[in-house]
Each structure stands twice: as C-alpha cells, then as structure tokens.
Amino acid sequence: MLIIFCVQQLVNILEGQVVALMVQNMERLDETVKEEADGVYNTLAVIENMAEFRPGLCTEAAQQGLMQWLLKRIKAKMPFDANKLYCSEILAILLQNNDKTRELLGEMDGIDVLLQQLSVFKRHNPATAEEQEMMENLFDALCSCLMLPANRDRFLRGEGLQLMNLMLREKKMSRVSALKVLDYGMIGPEGSDNCHKFVDILGLRTIFPLFMKTPKKMKKVGISDKEHEEHVCSIIASMLRNLKGQQRSRLLSKFTENDCEKVDRLMELHFKYLEAVQLADKRIEGEKHDMVRRGEIIDDAMDDEFYLRRLDAGLFVLQLLCYIMVEICNAGVPQLQQRVHQILNLRGGSVKIVRHIMREYAENIGDGKSEEFKESEQKRIMELLENF
C-alpha cells in the first residue's frame, strides 16, 4: 500500500513531466550492467502502476517520449530479456482503447517495428514461455493499432498481409495470432484495400483450408475452436462485403469448386452454432421465467447480460455464417443458392430463422460507428434478405 501511495503522490507532484524525466533517466542507463538493467525494469514497473491508477496518463506518457523509447528498446539488437518483455507489455497497455497513442505509433513507423519484430516468429516458435508472452503482446499491440483506419494503410504498405499469410502457411505458434490480425485488418469498409490485396497475394488458398477444417493444434496454444472459426468466418464475411470485380469473382468461385464443398461446410457450421445458441436461449428463457415468477424485474442491464451470454454461446459466429450464406445467395450464381436451400430443407432448417438472425445482427451493427454508416449497413443487409 505504501508503494501505491508513493506512486500517487509522485504523479501529483510532477504532473505532466514525470514520465519525461523517467524516460530521460532510462536513456542514460547502460543495460549491459545488471544494476542499471534492474533500474530500467523498476522504472517500467512504476510507469505500469501509474497507468493502472490513471489510465488517462497513457496519452501524456506516450507523447512525453515513452512511445519512442519503447519502440527503440523493442527493436534494439540485444538478447531477449525481462526488460524487452516488459516493454512489449507496456506498449500493449498504452495502445488499449486509445486512438491518440495508436496514431502516434503509426506516425513513428511503429507498425513497421512491430512487423519486423514479429517476422522472427514466421518460421520459428518462441524459445521460452516468456518469449511467447512477448510475441502475444506485440500481436495485441498490432491488433489495437489496426482499429485506426490510417494504420490499416501503413500495415498494407509495410507488407503486413504477406507476413500474416506466410505465418498461416508455416503452421507455427504465430499462426493463431496472425489470423486475428488479418481479421482486424480486413473488417469494415476501411479494410477494403487489405481485402483486395489479400486475394492478390493468393490468400484464398490459405484461408479456405482453415475454414474447411479447424486445426487440432489450436487447443494446444490456448485458442478454442469457436475463436478460430469466428476469425476465419469474419475474414470471409469481410471479403464478401468489400471485394469487387475480379477479386470478388475469385472468392465466389471458391464456393463452387469441388462440388460446392465450401457451402456444405458453411451449412455444417451453421447448424452447429444454431444448436448451441438455441440451447443457450432455452436456458435464458427458463431463467427469465423464474425471475418473473419471483417478481423480479428484468432491466436493461440484465438484458445486456443475457445478450452477452448468447454471444458467448456462439451467436456472433452464427450471425457471420448467416451473413456469408445470404451474400453468396445474392451473388447471382444459381448453383450456390440452390445448394444452400437444398441443405436447409434436408436438415429441417428454415429461411425464416436465418432472416431473424440477420435482422438481430443488423439491429446491433455499428457500435462506435456513425449513424450514417449504421443506417446504410442496415439497409444493405435488409436488401440482401429480400432476395434470400
């Protein structure tokens, strides 16, 4: 508690300049000397504590030279150590939910630094658990940065797509996070250029085998089948939303090849997630019934919690699958529409259920986006449903 109190006092005394002073001090330290390396580590610990108590400090800290120092330290040609791991952790913290620090990193060519550091793990797995943790921190930092549209362009120019595509093909530990990065880079209208480039670099050959079969190794590296399938479906949905011309035709032809096997897999996943969500819905309805019987009020907070539980059961993946289904049925390829409806009928599915899921998806679309985007996206989905 005493340390916490001292940190708070320090922040109050040196408001505005405390981090700048710490950065200057770290620059003077020689990390080849153990005591001085410990000094850097302890300084980073103080900065982390400060960021915890005052999240608003992250922007100031980044602008006071911390971001520049962290990037310089991460790319320094030094053996991997606890300080490099700590730097990656603090970098990820600075970028969390903060567009100002994301913009700053982009302007400092930070996307290139992250890609260069991650390229080491293209053909090699991290040597230790600590190095794996650093790799994950750098991937998290990259995902955070890609929330900012300007950084998507920097990622594209820095050949980030090519690196992620290679990581997916190499089947090393980095493959899991590379998939997540691709998802972040291609989502929404701002991901359009990345979607087109991904098709140009033959990314469809990489992504569809991952769609057809969820790799067994995923669980070993701590990712569930649901997370894997969510990222893959989100990437395919983003491409269907963004691709035009020749690239779109190449994507659609993937669904027709080998006697529409991709459509069969799409429908298999649809029924898997539909069943999981229906089970969750049944449990929630039972709970609601009990609450009403006890005279309890189901308020907005409770409704939100129920919706989050449905998402956790797989609702978002189900929505993505339905979106892919509706898109390919509207693509003007009779073969695809026939196959979708044929499997729906065979397995007792219904167009009505798909429409209901898509309407709910449209209602909840565009969190944090402009009203204009929300309205145009909802209108587009409703038009797709009309022809489904």
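With the convex hull drawn over the C-alpha atoms of the chain, the volume per residue is 177 Å³. Think of region 275-375 as having a plus end and a minus end, set by charges on the Cβ of Lys, Arg, Asp and Glu; of Gln338, Val326, Gly314, Gln338 sits farthest toward the positive end of this dipole.
Of all lysines in the structure, the ones whose alpha carbon falls short of 26 Å from that of Lys244, not counting any fewer than 8 places away in one chain, are Lys180, Lys197, Lys254, Lys262, Lys369, Lys374, Lys379. Inter-part distance, region 301-360 to region 80-138, computed on C-alpha centroids, equals 37 Å.
Note on region 213-348: with charges restricted to the Cβ of Lys and Arg (+1) and Asp and Glu (-1), its dipole about the Cα centre is near 780 debye.
The charge dipole of region 2-251, taken about its Cα centre with unit charges on the Cβ atoms of Lys, Arg (+1), Asp and Glu (-1) only, comes to about 1580 debye.
So what's the net charge close to Leu204: Lys and Arg +1, Asp and Glu -1, counting the other residues with Cβ under 9 Å from its Cβ?
On the way: positive: Arg205, Arg250, Lys254; negative: none.
Taking every other residue near Leu204 into account, the sum is +3.
Pairs of Cα atoms nearer than 8 Å and 6+ residues apart set the relative contact order; for the chain it is 10 percent.
Shown here: region 278-376, whose C-alpha atoms stretch 53, 39, 19 Å along the first, second and third principal axes, sorted largest to smallest.
Mind listing which trypsin sites (Lys or Arg not before Pro) in region 207-275 are in a DSSP loop and have 15 or fewer other Cβ atoms within 10 Å?
In loop regions of region 207-275 (DSSP not H, G, I, E or B), the sparsely surrounded trypsin sites (Lys or Arg not before Pro) are Lys213, Lys244.
So the label point goes 7 Å from the Cα of Ala76 along Cα→C-beta, right? Which residues of region 31-68 then have their backbone N under 18 Å from it? Taking a point 7 Å out along Cα→Cβ of Ala76, the residues of region 31-68 whose backbone N falls under 18 Å are 31-48, 65-68.
First select every other residue whose beta carbon is under 11 angstrom from the beta carbon of Ala237; then total the charges, Lys and Arg +1, Asp and Glu -1.
Numbers: positive: Arg241; negative: Asp183, Glu230, Glu327.
Here the count lands on -2.
From the square roots a ≥ b ≥ c of the eigenvalues of the alpha-carbon gyration tensor of region 136-272, which class results: rounded (a/c under 1.5), prolate (a/b over b/c), or oblate? The shape class here is oblate. Helix 110-119 axis versus longest C-alpha principal axis of the chain: approximately 80°, rounded to the nearest ten. Per-residue Karplus couplings for region 29-40, computed as 6.51 cos²θ - 1.76 cosθ + 1.60 with θ equal to phi - 60°, are listed in order as 7, 9, 6, 6, 9, 3, 4, 6, 5, 5, x, 4 Hz, Gly and Pro entered as x. With the Cα gyration tensor of region 64-205 giving a ≥ b ≥ c as the square roots of its eigenvalues, does the rule (a/c under 1.5 for rounded; else a/b larger than b/c for prolate; else oblate) give rounded, prolate or oblate? Oblate.
Pick out, in residue order, every one of the trypsin sites (Lys or Arg not before Pro) in region 91-178 that is DSSP loop and has at most 14 other C-beta atoms within 10 Å; say none if there are none. Before the final figure, lay out the partial values.
Values: sites: Lys100, Arg102, Lys122, Arg123, Arg152, Arg154, Arg157, Arg169, Lys171, Lys172, Arg175; in loops: Lys122, Arg123, Lys171, Lys172.
Sites meeting the loop and neighbour criteria: Arg123, Lys171.
Here, each number is a calculation from the coordinates, and none is a lab measurement. Quick caveat: nothing in here was measured; it's all calculated off a predicted structure. So basically every Cβ, Gly included, is an ideal-geometry build from the backbone, and we count neighbours across all protein chains shown.
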